[in-house]
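Report on the following structure.
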Amino acid sequence: MSQPEGKGGGLRVKFVPDEDVLKHIADNPGIKVRKDKIQPTVSVKTFVKKLENISDDEAQEILEEKKYVAALGMCAQDSMGNGSSVSGGEVYSFQTPKRASKMAELASELAQTPGQSVAPDHSKCPEKTAKTPQSSSNYMFLMHVFSLLLQSKRKEFVSTTPYRLRKRLAAPDPYLESESEYSASCSEEEDEEDQKEVSTVLSGQKTPAKAMTASTPPPRNTLAKKIKENKMSNLVEEYFEAHSSSKVLTSDRTLQKLRKRRLDQQTLHDLLKKAPLAYAAEIKELNQQHESLFSKWMLQLHLGFNIVLYGLGSKRDLLEKFRTSVLQDSVHLVVNGYFPSITVRSILSSITEEVLDHIGTFRSPLDQLEFIIKRFKEDSSLELYVLIHNLDSQMLRGERSQQILAQLSSLPSIYLIASVDHINAPLMWDQAKLSLYNWLWYETTTFSPYVEETSYENSLLVQQSGSLALSSLTHVLRSLTLNARGIFRLLAQYQLENKDNTSYPGLSFQDFYQQCREAFLVNSDLTLRAQLTEFRDHKLIRTKRGADGAEYLLIPVDDSTLTDFLEKEDEDV
Amino acid sequence: GCFVFKPSPKKRRVSQKTVNHFGERKDDSEDTELRYVTCQSLWNEIKLETEQIQEDLNKQLFDNLVSFLRRSHSEFQEKTTEWTCQMKSREIPTAALVLGVNVTDHDLTFRSLSEVLQNNITPYIALLEAKDCPGIKNLMQKLMGQLMNCYIDVDSLEDEDYVQVSQNRIRCSMSSLINWYESVTKKTDSETPRKRRSSSSRHWQSPPVVVILKDMESFTTKVLQDFIVISSQHIREFPLVLIFGIATSPMIIHSLLPHSVSSLLCIELFQSLSSKEHLSTIIDKLLLTARFPFKLGEKVLQVLINIFLYHDFSVQNFIKGFQLCIVEHFYSQPLSILCCQLVDAKKRVNSLSHNQCENIRRLPSFRRYVESQASEKQIALLTTDSYLKEIIQKLLEDLQVYHENYVLVLRCLHVFTSSLPKYPLGKQIRELHCACLENQVWETEEYESSLQLARMLNKSDLVTVLQQCVEIFVSSSGKEFDKTIEKLKEFLTQFQKLEDAFQERDVSVSSQKELQKKTDLYHLQKTLLELKESRRSKKLTKFEMLRFEVVDYIDSLVRNYLVPADRKTLHEIVYFNTASVLREHLNAAPRIALHTALNNPYWYLKNQALKSDGGSISNKAPDICIVYKLHLECGRLINLVDWLEAFSTVVMAVEGPNADAASSDQVDDVIHARFIRAVSELELLGFIKPSKQKTDHVARLTWGGC
């Protein structure tokens, strides 16, 4: 028989024998019914599942996710690295409310079983198992929730199925009948395909309803919906509970009470030297694996790709080794992105000044970039390797910096190899930048400690030794005029005189002006202001409005550093 | 933070060859140069081909644009003074170019577009990007810079100082632009008649100035509005044409610009080819052809296509992935020297070293082949290199023939399946290709159902399909399919005959029907039912028999020629199959790597002490893992003291029970230091940040816990 739907889309008029029409009307539903006979067993099963609070929608969702993952080849055999077994749902999960004692609990748990892996012993801590959202099976995507929402919506829609079709299927369930009346209006709009789909859904609905004892009043789909809604609302409530701005429940203990002196950078370093590096052998092995890729990296760099390294552990040593072993004979630029005062400008300047031997200034980084691009295009013998440690550091992660770096890296004779560490590092790049960078990703998990990278950070627990601040202070001041240095000295001295005064607001501008005049350092308050602006630009001072509206000046450096600074200044003069 | 390292000038000239990096693996140091050269030449060939494809695909679009540009300023050209023209010419002719979301590809399109325009319409083209134009001033600056520079490019160097001065001195304003334009056009008019003639063959006397806004959506509204309003004021003196590059939909123009501004534009819409079609052409020309010896395996192709479909719709990225495949293949497979045109390959086979012969013997597909041979042949294959080479040549030839046939039959099958309802084997030929590469396609359910459906095709469809198949086979040069063509043609004539025979019968049927039209519905039903009964019991008609025959014939073709490639001997030489490499490098998941490293360090550090199961980790794990694990148990804020204490509890327990006896809340300095390091590492990784909400607390930056 020639099927009317066998025309592959488009409107076409075709001769259809009447008997076929008849057959179509009479037979097809029959076929459908026959087909559906397989369905019941399945749907009963799924229904049971539903009762166990695992909706098959969820299962479906997971299945779909898996399909996507499989489609991307995630399940293909993996050579090394990348926990391929981890799905997105595990990494990006919901926040759940936590109890204060949770951490200590886990710690003691970990501590109690030395040398062994800790399997969470559920019998020991019953409250833990009771906390369902914590248990692993219930983690979900945010996406997942939305899709649940969508699906439950769709369920409602589906249940409003064509009246006609249901009649034909002769559904005995009075509930269905009553509902279908309400839905008859929309039945005409549904087309053939939907009907088929619906009919399977319907038959699926029917059987479990039969399987249930007659006394269970709520039909399956509402029950399921209810469960889902419950679950949904739970999730939603938990989310908002976790994110509510209400008081955070943590203990009030502070480090001070611990009678623990704060370590400074140097002692920290020394102490860490004492602690042996764990798993040195394994880490070495990992590094060797990565090092075997060096020649491949060179090849790919030369073929127009750029390379980005990711993974836990400092990749500094690895890149350094790459540099010393492969790049010795070529011009290369090493950028320490973790350095707190690095800017794109300084990168560009070091290219123009030191690589291209250009003397002169540029109006803007864009001009500078244009100049570099032009030079590199003109002279094809120029080659430059750029190594950037921590491309995602605070200073370089900005949109404009990334744009400039991306444009730089897109030059065929500039080879960029960079490392990223931040978990959200890939968010820095949009499609346009990505295509400019032309990355090849390499996972290089090294597990080596981030010694250099974290040493610049004003870390939470490390007392600022001030050596860094001191050097920058002297550095900046050395480039200033004698008068300017005098002005700064005045302020510093005044601040040191008041160091015991805890409520010292700073030196007010008027007083300061007075003092400067007396010392013959300025002749008008405008010159003083100009000078102060310069200080402020270099972050040497901070201004604050006092309660009386006057301006107060403060040097944001701790007292010991300031004393050191003054001593040093005295030596110099 | 930046350090430049320059080698001593002596060394500097020893510029390294890329070749050197190619084969630094110990096992296959030979032939690397040849491999590299082969790889490069193949890639260059493919690159040229892709560029050619791109050009061909864009030709239509560019032709339309060019004719639009010619039209747009014809009034200006003729210097007409009619009122209507004057009214109309207040509007800026604008071409809205809808390019689709694959932003990555746009650059290439614009580059070739400006090239085309430069050759055909006007030397004055400015390409503007939103990121360069945060304000109207920057826009004008950029515009003038580009226009005046391009003038230099066109003309000789003598004017350079003049232009240079003007660029620096003249204020960036519309009037200076107009002045510049007048001087430029006048100059070409009067001063250099010779030049004019040469240029006027390509350009007009006063060519329009084309300004291309590459990414219209990202321009700030203010800048756009100002620019349009200003330039529409001067449109009489300054024949401007705008081209908007649009990634989303043309509606964006109206949502960006108020009516008063958009009414100043005379917009014509141009639509570029969708990137999906572009991709199909690329796949068609690069993969479904025997022209290029290099092939992609099923998984690899799937990964590439999925990256395209799920992530960016970018053909450029697809090609980039393809390039990576080529490089990887030639880098990792020592036998890839044979992955070249058949003639060369045969020559190269003769000069294979013993080592390479051993490599061939190690190939799984070749071993399978050997096992299928008689025993004395087996010995010869495994021991005598010269005999092996002979066989290899033959096998390579077979492989080549297989590819040629494969492509033809695949196209043929695609013609069939794409005419079926619901496309059980996929709408696109690439899906069919993947299915055929994956396993024996005739064993799949989809194939079965598509055959079923093909058996129900009506005649006209069937005939057209057959005709297309014949065309496909005829277009090939090989002799292989002469018989097939004949057979198909025979089918066609049979159908033709049937039709002749059928028409006579048809007349009678219709007349019969005519009669029945006049009876009532009940009778009609009854007779129809009777008719049906009789039809059912009746044997198959001639047409149906023929249809079965055709389908069976196609089926036999498929079984013969669409054998999956990995069943073929020596397929390893030309097929790249390591999909995991591709995914790792192109579609990496840094967050997952971090997650694995923190939660399951054993994955990387193969030490028995780290082995654990389930969601837990060993307490001997690296510090950062323990600290991470502990922090997962906290809410938004984490008390550092608690954290430190918990950490020290764990660490002390590992180090032995002797230490923890006395220390109550005094923590060892070393442990403290280790804790500090781990915490600052977590901060660097972006899991926590310092918080001022409460003393000695840090804030978590991630959700949930695992």
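Report, as an integer, the average count of C-beta atoms from other chains found within 10 Å of each Cβ along A:291-300. The shielding value for this peptide is 5. Whole-percent P(r), the stretch A:462-572, all Cα pairs, 5 Å bins from 0: 2, 11, 23, 25, 22, 11, 4, 1, 0. A simple spin-label model places the labels of A:Glu378 and B:Asp56 4.0 nm from each other, with each point 7 Å out along Cα-to-Cβ.
For a modelled paramagnetic label at B:Glu448, 7 Å from Cα along Cα-to-Cβ, the residues of the stretch B:558-572 in reach, with backbone nitrogen under 17 Å, are B:559. The modelled label-to-label distance for the pair B:Ser260/B:Val4, using points 7 Å beyond Cα in the direction of Cβ, is 5.2 nm.
Using the 10 angstrom Cβ neighbour count as an exposure proxy, how do A:Phe240, B:Phe473 rank, fewest first?
Details: A:Phe240 9, B:Phe473 24.
If I rank by nearby Cβ atoms, fewest first, I get A:Phe240, B:Phe473.
The slack in the chain from A:Glu452 to A:Ala281, taken as 0.36 nm per residue of separation less the alpha-carbon distance, amounts to 59.4 nm.
Relative contact order of the stretch A:462-572: 35 percent, from C-alpha pairs under 8 Å at least 6 residues apart in sequence. Suppose R0 equals 56 Å; then what is the FRET efficiency for B:Glu371 and B:Arg71 from their Cβ-Cβ distance, rounded to the nearest 0.05? Efficiency, rounded to the nearest 0.05: 0.20. At q = 0.15, 0.20 Å⁻¹ the log10 of I(q)/I(0) for the stretch B:197-355 amounts to -0.92, -1.23, computed by Debye summation with a single uniform scatterer per C-alpha, solvent ignored.
So, in Å, what gap is there between the alpha-carbon centers of the stretch B:462-477 and the stretch A:533-548? Cα centroid to Cα centroid, the span is 82 Å.
Charge dipole (Cα centre; +1 on Lys/Arg Cβ, -1 on Asp/Glu Cβ; no other charges) of the stretch B:281-350 amounts to roughly 320 debye.
Compute the label zone of B:Tyr553 within the stretch B:384-421: residues whose backbone N is under 18 Å from the point 7 Å along Cα-to-Cβ. Within reach of a label on B:Tyr553: B:408-417. Here the stretch B:251-327 is treated as an ellipsoid with the same Cα gyration tensor; its semi-axes, largest first and in whole Å, are 39, 14, 9.
What average count of beta carbons from other chains do you get within 10 Å of the Cβ of residues in A:356-363? Could the numbers behind the result be given before it?
Details: counts 0, 0, 0, 0, 0, 0, 0, 0.
For peptide A:356-363, the averaged partner shielding equals 0.
Per-residue shielding of B:622-633, expressed as the average number of other chain Cβ atoms within 10 Å of the residue Cβ, stands at 4.
Of B:Lys295, B:Lys59, how do they rank once you tally other Cβ atoms within 10 Å and put the fewest first?
Details: B:Lys295 24, B:Lys59 12.
Fewest-to-most ranking of B:Lys295, B:Lys59: B:Lys59, B:Lys295.
Testing the spin-label approximation: label points 7 Å from Cα along Cα→Cβ at B:Asn607 and A:His475. State their distance in nm. Simple spin-label model gives 3.7 nm for this pair.
Stretch B:Ala699-B:Thr289 to full length: gain in nm at 0.36 nm per residue minus the Cα-Cα span? Don't skip to the answer; put the middle values down first.
Values: separation 410, 0.36 × 410 = 147.60 nm, distance 5.77 nm.
Gain on extension, B:Ala699 to B:Thr289, equals 141.8 nm.
Look at A:Leu491, B:Leu61 and count the other Cβ atoms within 10 Å of each Cβ; fewest to most, that gives B:Leu61, A:Leu491.
None of the figures in this text is laboratory data; all of them are computed from the coordinates on show. The shown structure was predicted, so the numbers you read here are calculated from the model rather than taken from an experiment. Backbone-built Cβ (ideal geometry, glycine too); neighbour counts: all protein chains shown.
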